[in-house]
Every structure is written in structure tokens, then in C-alpha cells.
Amino acid sequence: MILRITVYLILAFLLIPLALIVLFSFNASPSFTFPITGYSMRWYAQIFSDPQLGSALWKSFWIATLTAIITFLLGAAASLAWLRLGRKGRTVLEILCITPIALPGLFLGVSLLVLASQVGVQLSMITIVLSHVVLALPMLMIAMRARLALFDPNLEEASRDLGASQVLTFRRVTLPLIAPTLISCAVLSFALSFDEFVVTAFVSGTETTLPMYIWSMMRRTVTPLINAISTLAMVFTIAIISIALAIAAMKRATNLSSRDVA
Amino acid sequence: MSPIIEITDGNKAFGSFKALQDINLSIAQGEIVTLLGPSGCGKTTLMRIFAGFESLTSGSLKIDGKDVSNLPPEKRPVNMVFQRYALFPHLDVFENVAYGLKVKGIGKDEVRERVRNMLRIVQMDHLQQRFITELSGGQCQRVALARALVNGPKVLLLDEPLAALDLKIRQHMLTEMKRIHAETGATFIYVTHDQDEAMILSDRVVLIDRGQIVQVDTPQDMYNRPNCLFSAKFLGETNILHGTIVEDASGKSAFRSAEGSFHYQPTNQIASKSAAIMSVRPEAISLFAENPARDNAIPATVTDVLFTGSRSFYHLVSDGGEALRAQVQNTPGLNRPNVGDRVHVCWPHDGSVVLPASPSH
Ligand SMILES: Nc1ncnc2c1ncn2[C@@H]1O[C@H](COP(=O)(O)OP(=O)(O)OP(=O)(O)O)[C@@H](O)[C@H]1O
Ligand SMILES: [Mg+2]
């Protein structure tokens, strides 16, 4: 009983703020107080008439897309390397790919900023994308490591044995087997990048992404517009994560390693 | 006819560990040869060398008369059935079997024809659309066999293909394997550490111990004429006596141990006075209540009787203290000794094999 109440309390604590945001996004008056006097779509209409907001949204979308693509490619390469490395090599690869997850975003932001200025790279969309990749890759590698541990190396040998070259084996066997996990991780990277704020704040230079735009709006006045934007972003992120989970579930249905069979 | 596989002075080392040493073996077209030996003796390593996943450290390997040292696995006329099948989990039964033909760019119609035909041979044609995760162990095994055989390999390598199956299916699959071998005419090289499987299946058995070939023979010859203690003990059960070779008054060789002197039919020359061992199969031994007044009879006491229906297994201790085992047919109406009975253990001259007591095996 106590346990159940605790769970409900925690859920309420997590969900009530979100529910409030959604609720107030439909509020006709700009105040944030109860009782709500009327409902309207005016804040949503405003979103689409704010050119700055549109541009921030567009940038965030592109940054997230690029982050997802680059993370996918790097993840695929790292996975292939992982399959071919011995125990020591795997450990090194894991340390390189996974440690950034332990760094607080603040330090990661500072260090990436320092790195960019040392190397002499202009802060831009590119630096934002690169730092998002640094954030997303560890998450992907953790998921991939679990998947790859199940990968039966005999499958690649069987393919070679049946007459397929190394390249063909990659296309016909390795990639189809690791792709579902890679794709679902790439989709998650998209979600991660889309609302990333802390690291972005350090490396964005003059660029304004959606989370940063929301932040700057908040500093001026707390407008209900933010509720509408947040609601949309939330719906969008939930959709993305659902897609990722669906892909992962599909993987489980069809792509068990042959080891699970015998 | 030239051999389909010929390995000459083959050696394989992993770092400083010698996995295979001085391997000389030649296998004829159409044979079923089993590689038999205890775990870790190098059977899989030898198969992987044939398939091209490992290369010899020294020595030469010819397949179908051609040196294949620089030929990658995909270019060799051999196919392998992996111990855990290694079927492609993202493809269905049909696509698994079709894989080899498709990557070789064979036309759609021919692929369908050949795959269907092969699935019929392994009796899996009714499950073409099934995914691999939905198959039983025995069915996986058939698909793995079909996937390899559909390519028409000159040599089919099978690495303990039945190890994952239970006894009943295993016996059934052994018969199937013989039928499929007859139907396809390919050379089968079959790895197992199960002596029964090796004896049922093979034309010749290659017995391996610690990376070295110990004996190559037909199952009958290997069972009846082992060339060393290791062979004698690895195939079937046997009683081992330790002693020396002596010459008796008439100049005939005899084997003398603590139990007495035994006559035997010499199959290999062992110098007089040298240490030797005598191997006597349990089924060569007869038990007598009275002293039969024959050669090779020693008194013993029954310590245990294991009744298994058509046969009984007797555990005995000779008066000299040697533990012996006998296997006796249970003919109806005959009195059989019981635990504690005094008996005479006896075997014919040709019921034993005398081997040099070499320390190596
Ligand atoms: N890649 C490798 N690196 C180092 N040692 C290896 C390697 N592959 C095999 N070995 C060693 O070589 C020896 C023979 O291995 P192999 O797999 O051929 O044995 P096996 O006869 O197939 O045994 P089992 O019946 O258990 O399958 C073993 O001692 C094994 O540890
Ligand atoms: Mg093995």
C-alpha cells in the first residue's frame, strides 16, 4: 500500500508539471493561474507567426538530423571494429567511446569550447553537431555493446564459407543484424540533440537552437507561448522515442542471434 | 584417383602453443572421415584450416589437387556446417539455403529449383517460410546441412553437427546423414568426440590426441587393432594389463604380468623383454565357475553385476588385485555368477592386443 502510494506520488511529481504545461498551452489568457477562464489555440497560432522561432526550430531539426546521421555512421564503424578486436582492443574502444557519458555536461561544454578555440574552429552549427555527437555516441555504444555481445562471429564466417566476399558479408549479414539497434540509437540521438541545452550553450557561438531560443524568451518574459512550444516539442520527442522503441522491438522479434536458437 | 584433400607435414601454432603437429592426412573423394579425439585436441582447428579460416604455420594443404594456402574461404570448394549451425537469424529457411547460390549470382529460377530440391532431401520443404528462431534443434541442423550442401561442395565439413541434439534425434540424424551422403556423393569430414558416432558413420576414423594424429583406420580395425594405449582406451571399453614380453620354452612370445603368462596373436613386433601392455575387450572375456584348464585363464572374484537386458556387465577383481570388466551375453537357461562368486576369467589368444608400453600416449 505504502509502496503504491509512493509510486503514484513520484509519478505525480514527474507528470504534473508536464500536464500543467500542456494545460496552460491551451489557456486563452496569458496568466499562469487557476481558474482557467477559456481555451484557445492562440499560442499555437503565434508559434507559426514568429520567424525567429521558426528559424530556431529549423536549425535544431537540422542539427539533430546531422547528429543522428553522424552518430549512426560512427556507431556502425565502431561496431565493426568491436567485432574484429580482441578483448584488449574492445576495452580500449569502450573507454574511448563511453567515458564521455560520465562527464557532467557543464565540463564537457567547457572542454569542447576550449578545444574549439585551441584548434581555431569557428563556433557554428558544425561545433554544435560535433558536440552532440560526443554526447550521443556513448549512449549508442552502450546499447550496441549489449547487442554485439550476442552477435555470433560464426555468422560472418558462414557467409564467407558460402562464397560471399568480406564486403558482401557486411552488406548481407552484419549490417542487417546490427542495423535495427543502430537505427533506434540514431533516432534516440536525434531526440537527445533536439532538446540539448547545456553543452549547446557553450559551443553555439551566435547560433540559436530551439532550446536556447526558449531560454532567451524565458529571460525576457514568461509567455504562454513557451507552453505551446514545449507541448509541441514534447509530443515530437515522444513520437521519436516511440519510433526508436518500435524499431528495437521489431529487432527482438526477428533478429535474435542464432545462439538463442540452439 | 588423387585425394580430394591432402595435408602434408601440417603444423599450426597459436603463439607458442602448438595446436597441431606433423599432420599428414589424405582423404579420398566420396569418403566419410571422422576426426575423433578428446576436447581441445585440435579437431576444430583442423577443420578451420580446411575451410580457410585459419592458415597452417608450416606444411602444405591441397584441395582437389590444388594448393589452397592463399585461397580465402569464399573461393574454396568446401562448405562447413558449424557446431552451433550459425544460421542467419534475419532470413527464413529458404533464404538461408539460397544464400550461397545468390551470392554467386545464380539466376532466380535455378536458385529456387536447387533450394527446393535440397530442402526435399533434408525433409524441410514444408517449412520454407519459417524463420530460424522458430525451428527446433533437429530442424536447424537439417537447414544447416542443406545450406552447405546446396552449393555442391566437393568436401562438406561438419563440426560436431549433432552435439546440440538429444540422443534420440542424434541416432536418427546419423542415419539421415548416411542417406544424404549417399544421395549427394560429397566427401564428408566429420568432427566428433563421440566414439559411437564415429564408428557408426565413418569409412575411416582419424584419431587425434593433443594436436597429433594417433591412428587412421577403419572403425573395425581401430577397435580391433589399436596401435597404442590411447587408441585402445579411447574407442570402447577395455581392460589394460601391464607387463613384459617374454619367450616361453617353445620360443613363442608371451605376455607376462603379475597375473601370470598370457599367449596372444602378435599383430606388431615388440622386442622380447621390453615393457608392454595388453588390452582385452570386455566382450572377449568368458567367465567359468570351474577352472577351464585353458590358456589365459585367471581366478577372480565378482564384485558387481550390472544387468542391462540382453547383456550383463561384470566387475571383477583378479587374485593378483587387478580390476577387470567383462561383458557377457545373457543366454536364457544359463546360470550366471553372482556378486562374491569365485570365477575363472578367460579370453582366447586372438581376444587381446599387445602394445608397446610407450609413455607418449
Ligand atoms: N584462436 C586461438 N588462439 C589460441 N589458442 C587456440 C585458438 N583456437 C584454438 N586454440 C587452442 O587450440 C587447441 C585446440 O582447439 P580446438 O578448438 O581445435 O579443439 P577441439 O578438438 O575442437 O575441441 P572440442 O572438442 O572441445 O571442440 C585448444 O587447446 C585451444 O585452446
Ligand atoms: Mg571443436
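Just for strands (runs of 3 or more DSSP E) wholly inside region B:120-225: which have at least 1 residues that are out of contact with any Leu (no Cβ under 9 Å at 6 or more places or on another chain), open to solvent by less than 10 Å² (accessible area, probe 1.4 Å) and of a type outside the set (D, E, K, R)?
Values: elements: B:155-159, B:187-192, B:204-209, B:212-217.
Qualifying strands (runs of 3 or more DSSP E): B:155-159.
Any residue in region B:62-76 that is more than 14 Å from chain A (Cβ to nearest Cβ), more than 16 Å from ligand 2 (Cβ to nearest atom), open to solvent by less than 40 Å² (accessible area, probe 1.4 Å) and out of contact with any Pro (no Cβ under 6 Å at 6 or more places or on another chain)?
So far as region B:62-76 goes, no, none of its residues is more than 14 Å from chain A (Cβ to nearest Cβ), more than 16 Å from ligand 2 (Cβ to nearest atom), open to solvent by less than 40 Å² (accessible area, probe 1.4 Å) and out of contact with any Pro (no Cβ under 6 Å at 6 or more places or on another chain).
Quick check on my filter: what residues within region A:116-141 are in a helix (DSSP H, G or I) and surrounded by fewer than 15 Cβ atoms within 10 Å (Cβ to Cβ)? Lay out the reasoning, then the answer.
First pass over region A:116-141, keeping only residues in a helix (DSSP H, G or I): A:116-119, A:125-141.
Scanning region A:116-141 gives A:Ser117, A:Gln118, A:Val119.
Within region B:264-297, work out how many residues are among the charged types (D, E, K, R) and surrounded by 12 or more Cβ atoms within 10 Å (Cβ to Cβ).
Taking region B:264-297 as the starting set, the residues that turn out to be among the charged types (D, E, K, R) are B:273, B:281, B:283, B:290, B:294-295.
From what's left, surrounded by 12 or more Cβ atoms within 10 Å (Cβ to Cβ): B:281, B:283, B:294-295.
Of the residues in that region, 4 qualify.
Every residue in region B:27-49 that is over 11 Å from B:Asp159 (Cβ atoms), open to solvent by 30 Å² or more (accessible area, probe 1.4 Å) and within 10 Å of ligand 1 (Cβ to nearest atom), please.
Passing the criteria: B:Pro38, B:Ser39, B:Gly40.
State which residue pairs qualify: first residue surrounded by 19 or more Cβ atoms within 10 Å (Cβ to Cβ) and inside region A:65-76, second residue charged (D, E, K, R) in any location, beta carbons under 9 Å apart, and separation of 6 or more residues or different chains.
Pairs found: A:Thr67/A:Glu196.
Give, as residue ranges, the strands (runs of 3 or more DSSP E) completely inside region B:253-361 that count at least 1 residues that are modelled with pLDDT under 85 and more than 30 Å from B:Ile208 (Cα to Cα). Show your work before the answer.
On the way: elements: B:253-257, B:260-263, B:275-280, B:286-288, B:297-307, B:311-318, B:323-329, B:342-346, B:352-356.
So the answer is B:253-257, B:260-263.
Could you say whether any residue in region A:164-174 is away from every other protein chain (no Cβ under 13 Å), assigned to a helix (DSSP H, G or I) and open to solvent by less than 20 Å² (accessible area, probe 1.4 Å)?
Step one: of region A:164-174, the residues away from every other protein chain (no Cβ under 13 Å) are none.
Scanning region A:164-174, I find no residue that is away from every other protein chain (no Cβ under 13 Å), assigned to a helix (DSSP H, G or I) and open to solvent by less than 20 Å² (accessible area, probe 1.4 Å), so the answer is no.
Exactly one of (1) within 16 Å of ligand 1 (Cβ to nearest atom); (2) at negative phi is unmet by B:Glu160. Its number?
B:Glu160 satisfies all of (1) within 16 Å of ligand 1 (Cβ to nearest atom); (2) at negative phi except (2).
Going through region B:28-55 one residue at a time, which ones are more than 12 Å from ligand 2 (Cβ to nearest atom) and either on the phi > 0 side of the Ramachandran plot or not in a helix (DSSP H, G or I) (or both)?
Step one: filter region B:28-55 for residues more than 12 Å from ligand 2 (Cβ to nearest atom), giving B:28-34, B:49-55.
Scanning region B:28-55 gives B:Ala28, B:Gln29, B:Gly30, B:Glu31, B:Ile32, B:Val33, B:Thr34, B:Gly52, B:Phe53, B:Glu54, B:Ser55.
Got a number for residues in region B:243-257 being of a type in the set (Gly, Ala, Ser) and exposed (fewer than 13 other Cβ atoms within 10 Å of the Cβ)?
Of the residues in region B:243-257, the ones of a type in the set (Gly, Ala, Ser) are B:243, B:249-251, B:253-254, B:257.
From the residues that got through so far, the ones that are exposed (fewer than 13 other Cβ atoms within 10 Å of the Cβ) too are B:249-251.
So the count comes out to 3.
Does B:Gly52 satisfy the criteria of being among the small types (Gly, Ala, Ser), within 16 Å of ligand 1 (Cβ to nearest atom) and open to solvent by 40 Å² or more (accessible area, probe 1.4 Å)?
Details: among the small types (Gly, Ala, Ser): yes; within 16 Å of ligand 1 (Cβ to nearest atom): yes; open to solvent by 40 Å² or more (accessible area, probe 1.4 Å): no.
When the stated conditions are applied, B:Gly52 does not pass them.
For A:Leu177, all conditions in the list (1) within 14 Å of chain B (Cβ to nearest Cβ); (2) more than 21 Å from A:Leu245 (Cβ to Cβ) hold save one; what is the number of the exception?
(2)
Here are the criteria: (1) open to solvent by less than 50 Å² (accessible area, probe 1.4 Å); (2) more than 16 Å from ligand 2 (Cβ to nearest atom). Tell me which single one B:Asn24 does not satisfy.
Tallying (1) open to solvent by less than 50 Å² (accessible area, probe 1.4 Å); (2) more than 16 Å from ligand 2 (Cβ to nearest atom), B:Asn24 fails exactly one: (1).
Kindly indicate whether any position in region B:92-100 is in contact (Cβ under 8 Å) with a residue 40 or more places away in the chain, among the hydroxyl-bearing types (Ser, Thr, Tyr) and buried (at least 21 other Cβ atoms within 10 Å of the Cβ).
Yes, there is a match, as at least one residue in region B:92-100 is in contact (Cβ under 8 Å) with a residue 40 or more places away in the chain, among the hydroxyl-bearing types (Ser, Thr, Tyr) and buried (at least 21 other Cβ atoms within 10 Å of the Cβ).
Can you name the condition, by its number, that B:Glu110 falls short on among (1) more than 10 Å from chain A (Cβ to nearest Cβ); (2) within 16 Å of ligand 1 (Cβ to nearest atom); (3) not in a loop (DSSP other than H, G, I, E, B)?
It fails just one condition, (2).
The values are calculated or read from the model by the stated rules, or taken from the named source; none is laboratory data. All figures in this text were calculated on a predicted structure; none of them were measured in a lab. Because the Cβ atoms are built from the backbone with ideal geometry, glycine has one as well, and the counts that use them run over all protein chains shown. Only protein heavy atoms, including side chains, enter the accessible area calculation; ligands, DNA and RNA are left aside. Shrake-Rupley method; radii C 1.70, N 1.55, O 1.52, S 1.80 Å.
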